[in-house]
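Below you'll find the structure, written out as structure tokens, and then a few comments.
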Amino acid sequence: MDVPCYDDSWTYSSFTGKCYKEMMDSKKLTWDKAKEQCSKFLEGVSTAKVRLLQVRSKEESMTVARIMQQAGFMEAVWIGARRGAGTAEFKWDDESETADLSFFDWSGGAGPGDCIEFSYETDTNQDTSKWGLQLNIQNVDCSFERAYYCEHEVLRCQNPPGGFDEQTMRFEPSTTVPRALVTAVCKPGKFMVKKNKPPAISGPDVNTTLKEGQYYCDGTRIGSGAADPMKFQTQFKYSGYPVTECDTVRCSETELQNMKPKNALLASARNYGTDKAYGPQQVNEFNYFGNVITVRCMPGYLFPDRVVEKEVFCGLKKGSETEGQYFGYSGTVLPLPDECEVTTCMFENAILKPEHNMESEFMANNATGVWKNLTKHEGKPYALNAELRFFCQSGYETVNQNSDLNITCSNSGIWTPQLIGCIEITEKLPASSDGRFHGTKEEAKSAKQVSSIMFILIIIFLGFIVILDLTTVGRDTKTLVTNMKLQKKRIQLQSQRRQAEKEVSYNLTDSELQIRNRSD
């Protein structure tokens, strides 16, 4: 048995890359109990994450149905998707990912029931008269008891030999699981570079029955009996011929340069796949597949639709895997305009309204240095750097506390600052150049109150410290006096004891002298 499952009671599918366990010997269980049984199945034996069935595509659900059919199992089983009470979205039980089951012909979860059962039935195809499988799912109450299958994923082959480049290549199909035969192909926007076929090499990872570019995911069990499926040793095998390199598709650099409007420049590019950015000094790399190129008008110019820049995308030409083509991006329509026009500002954006509280008469300097007094606009755009001066009505002022407001036509074709009108004059308050009011700095009352309270608390705290210190000093003084008295008594007792010893000694000496005199 060369499959990466625990033992032969499990069924392996190289299409899904999963091992399946039929739970026919167990009684039917509620969804929660079935989930618990699956999670405990290889507990203490393997780190494999065993769970209820998960079917994520029509092909995978058909594979599961065929496995059940081959086992003679025709009962409805739980799948590992559930929704919370009162919600409409089903999610896989072992993660937060939404369970997309739109490939099934079902109600989408309408009606009661927060768990899902999966079943199949055989039916004849009217066109071919052959038997086929009809797949069904239905949301039911989670407290119902159903049969169940358990599954777990297996280890995949990694580190393909033979010059496979993960940055530019991918496998088809993408599941590199044991027993899977896959082919190395270039990623979208890449193409195989045709080179002379190198000689084949030999080695432990070579299978000469494979064609050039093919890979087979092989593997070895650690024992002949039951074994931890997570210790299955996977290994890629290939033909022995190194795979051909993949190069990036490029759109025409000449076409990009010709596409650039007059008074515009190719400002920058960013690849939407790799997020690599290109600056204005790397224009020769702007035309790589996947790049979004920014075409920007020079300062003082605008596109006819009054925007400063547009974006162009280098993608694949329809029906081709090797040819690039430019497409409009983020609302851009090709071809681009022939030129960027000199910036102007629309007079419609500088029309006075009653709520502006401004005089009807204003002044205009259309970038000529000559000011005109006007009561209405002349009905045509203003030139770049044109200036308009509006006057506040009596009793009103600008946010900067001025009686007039000057606005200028900027490079982007917008009047700056914006025409926002005048406000009613209030008490004269100091304001900075940006229009922000700055009142007299004054400490908040609440701050004063807090400071007073803190001061009182500090005084009380210091008072407690002084009282504690006085108490400690009095106690220490009393102890010192007591010790001195005791020391004095001890000295007196020692003195009396010495005096008594001397008297005894004198008495003994007198007695000895009397005895000696008698003897003589």
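The values are calculated or read from the model by the stated rules, or taken from the named source; none is laboratory data. This structure is a prediction, so every number in the text was calculated from the model and none was measured. Methodologically, a virtual Cβ is constructed for each residue, glycine included, from the backbone with ideal geometry; neighbour enumeration extends over all protein chains shown.
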Some residue of the stretch 67-74 being assigned to a strand (DSSP E or B) and either surrounded by fewer than 17 Cβ atoms within 10 Å (Cβ to Cβ) or assigned by TED's automatic domain parsing to the domain that holds Ser143 (or both) = no
message = Restricting to the stretch 280-320, name every residue that is among the β-branched types (Val, Ile, Thr) and under 10 Å from Ala264 (Cα atoms).
response = Val295, Val308
key: Qualifying residue in the stretch 316-336 (condition: in contact (Cβ under 8 Å) with a residue 60 or more places away in the chain, at negative phi, part of a loop (DSSP other than H, G, I, E, B) and of a type in the set (D, E, K, R))   = yes
task = Return the only residue of Ile460, Ile515 being farther than 30 Å from Gly421 by Cα and modelled with pLDDT of 80 or more.
result = Ile460
note = The residue that is farthest from the chain's Cα centre (by Cα), considering only those in the stretch 13-43 that are part of a loop (DSSP other than H, G, I, E, B) and small (Gly, Ala, Ser), is Ser26
remark   = Scanning the stretch 189-225 residue by residue, the ones that are surrounded by 14 or more Cβ atoms within 10 Å (Cβ to Cβ) and over 17 Å from Pro161 (Cα atoms) total 5
task = State whether the residues of the stretch 144-166 include one that is basic (Lys, Arg) and surrounded by 11 or more Cβ atoms within 10 Å (Cβ to Cβ).
result = yes
Among residues of the stretch 28-60, those that are without any contact (Cβ under 8 Å) to a residue 24 or more places away in the chain and among the basic types (Lys, Arg), counted = 2
ask   = Restricting the search to the stretch 192-231, which residues are within 27 Å of Glu321 (Cβ to Cβ) and not in a loop (DSSP other than H, G, I, E, B)?
value = Met192, Gln214, Tyr215, Tyr216, Cys217
ask   = Within the bounds of the stretch 34-54, is there any residue that is farther than 30 Å from Lys231 by Cβ and either basic (Lys, Arg) or surrounded by fewer than 20 Cβ atoms within 10 Å (Cβ to Cβ) (or both)?
value = no
ask   = Would the stretch 293-312 turn up any residue that is in contact with a Phe, Trp or Tyr (Cβ under 7 Å, 6 or more places away or on another chain), part of a loop (DSSP other than H, G, I, E, B) and not assigned by TED's automatic domain parsing to the domain that holds Cys186?
value = no
inquiry  = Of the conditions (1) at pLDDT below 95; (2) surrounded by 14 or more Cβ atoms within 10 Å (Cβ to Cβ); (3) in contact with a Phe, Trp or Tyr (Cβ under 8 Å, 6 or more places away or on another chain), Asn263 satisfies every one except a single condition; which number is it?
reply    = (1)
request  = Quick one: which strands (runs of 3 or more DSSP E) lie wholly within the stretch 351-416 and hold at least 2 residues that are out of contact with any Ser or Thr (no Cβ under 6 Å at 6 or more places or on another chain) and in contact (Cβ under 8 Å) with a residue 24 or more places away in the chain?
outcome  = 362-365, 387-391, 404-409
ask   = Residues of the stretch 422-457 being modelled with pLDDT of 80 or more, closer than 30 Å to Leu405 by Cβ and surrounded by 10 or more Cβ atoms within 10 Å (Cβ to Cβ), which ones?
value = Cys422, Ile423, Glu424, Ile425
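For (1) touching a residue at least 40 places away in the same chain (Cβ under 8 Å); (2) closer than 30 Å to Asn287 by Cα; (3) touching a strand residue (DSSP E or B) at 6+ places or on another chain (Cβ under 6 Å); (4) not in a loop (DSSP other than H, G, I, E, B), each residue gets a yes or a no:
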site: Gly108; (1), (2), (3), (4): no, no, no, no
site: Gly113; (1), (2), (3), (4): no, no, yes, no
site: Ser119; (1), (2), (3), (4): yes, no, yes, yes
site: Leu133; (1), (2), (3), (4): yes, no, yes, yes
site: Ser143; (1), (2), (3), (4): yes, no, no, no
site: Arg156; (1), (2), (3), (4): yes, no, no, no
site: Val182; (1), (2), (3), (4): no, no, yes, yes
